[in-house]
Structure formats: structure tokens, C-alpha cells
Amino acid sequence: MRLPNIIFNLPGKRADLKKGFTLLEAVVTVSIMGILAAVVTPTYLQTQTEAKLVMSQAGVTQLQQGFINLYFEGIFKDEKNVWPDEPSDHKMTFSWSESTILYDGRTVAQLYSGSKIIYNPYERPFLYYLLPETPLEPAGFRIDDPDTGISLSFRP
């Protein structure tokens, strides 16, 4: 009966196995990882920026839709002035949305799910501006994201 070919590491005997990397193998591995990181990083950052733009567009659209729904509810109740008051610094903060009372007794925050207004992808408030009535257009509003440049206006 033949024993399997196993190398035993007995005292006084040297194992013929080499362990670890050579310096050249380590340098090549680090170089390849550096090249991969240099190629992938710009693509990752661009994808991240594009995702934030999409999130900002969705946030501005959601805020706009809440105000448009408020406008149409006001039409059915014969209310003329339905737009929320403009914050002094134009920032749609949590405190502004919870303290601004609308024509029907609700707060601005209550227009949205969870009774909470949303912030932009950078966790900063959107900006809200009232647009005055002109001879050609009725009053409306504009919502801006100062970080991404996304802006939406509505005039009925």
C-alpha cells in the first residue's frame, strides 16, 4: 500500500513549499489595482452626480405637485389665494413647512406623505418663490434647487 504524497514539516526537515509574494508580484498587483481605480473612479463620480440630479428633479417635481394639488382643491372651494407664504430666506425648511398654515387650516408639511417636506440630495432645503400676477399670467410659484440648478415654475 502506497501512502499519499504529503510533505510533513518535521523538526529537522525543511518543507519545500514557498509562501508569500515576491516583490515583483506585489508591485504588479498594486499597479493593476491603481490603474483600475483610476479608470473606475471618474465613472463612479459621474454616475453619482447624475443620480443626484435625478433625485433633485424628482424632489422638485414632488414639491410642485403638492402645491398644484392644493391649487386645484382651492378651485373647488372658490379660494383665490392658495399659495403658501414665502419664507423670508426662501428656504423650504422643516420649521417653515410645519408653521406655515394654508387656507384650509393644514400646514405645508401636511401636503406630503409622512407630513414632512423633503430636502434635496445634499440634505439642504429647496428654495420657494412666489411669482406675482402679471397682465398676461396669473400668480404662481417657482421651486429651485440651489445645489443642482434644477428649477420648476407653475402658473395656472
(request) Report the residue, chosen from LEU45, LEU36, LEU130, that carries the largest GNM mean-square fluctuation when the chain is represented by alpha-carbon nodes joined by springs under 10 Å. (result) LEU36
(message) Apply the Karplus curve 6.51 cos²θ - 1.76 cosθ + 1.60, θ = phi - 60°, to the phi angles in segment 101-112 and return the couplings in whole Hz, x for Gly and Pro.
(response) 9, 8, 4, 9, x, 7, 8, 4, 4, 6, 6, 10
(request) Take the chain, connect every pair of alpha-carbon atoms lying under 10 Å apart with a spring to form a Gaussian network, then pick out the residue of LYS80, LYS52, LYS91 with the largest mean-square fluctuation. (result) LYS80
(message) With +1 on the Cβ of every Lys and Arg and -1 on the Cβ of every Asp and Glu, and nothing else charged, how large is the dipole of segment 23-154 about its Cα centre, in debye rounded to the nearest 20?
(response) 220
(message) Which one, ALA37, ASN120, SER99, projects farthest toward the positive side of the charge dipole computed for the chain from Cβ point charges (K/R +1, D/E -1)?
(response) ALA37
(message) Sort 23-29, 141-147 by the packing proxy (mean of other Cβ within 10 Å over each peptide's residues), most packed first.
(response) 141-147, 23-29
(request) Starting with the fewest neighbours, write out ILE150, ILE35 ranked by other beta-carbon atoms found within 10 Å of each beta-carbon. (result) ILE35, ILE150
(message) Restricting to DSSP H runs of at least four residues, report the calculated mean residue ellipticity at 222 nm for the chain, -39500 (n - 2.57) per run over all residues, nearest 500 deg cm²/dmol.
(response) -14000 deg cm²/dmol
(request) Give the calculated FRET efficiency between GLU50 and THR29 to the nearest 0.05, with a Förster radius of 25 Å applied to their Cβ-Cβ distance. (result) 0.20
(request) Give the angle, between 0 and 90 degrees and rounded to the nearest 10, that separates the Cα long axis of helix 23-76 from the longest principal axis of the Cα atoms of the chain. (result) 20
(message) Looking at the chain as a GNM with Cα springs under 10 Å, which of THR43, THR61, THR22 has the largest mean-square fluctuation?
(response) THR22
(request) Express in whole angstrom the spacing between the alpha-carbon centres of segment 92-110 and segment 50-71. (result) 17
(request) Before anything else, pin down the relative contact order of the chain: Cα pairs under 8 Å, at least 6 apart, normalised by residue count, whole percent. (result) 19
(request) Note the listed values [x] 1.07; [y] 2.06; [z] 1.16, then indicate which one is Cα Rg over 2.2 N^0.38 Å calculated from this particular structure. (result) [y]
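Taken together, the values in this text are just the output of simple stated rules run on the coordinates, not laboratory data. Quick caveat: nothing in here was measured; it's all calculated off a predicted structure. As a convention, Cβ positions derive from the backbone with ideal geometry for all residues, glycine included, and neighbour counts pool all protein chains shown.
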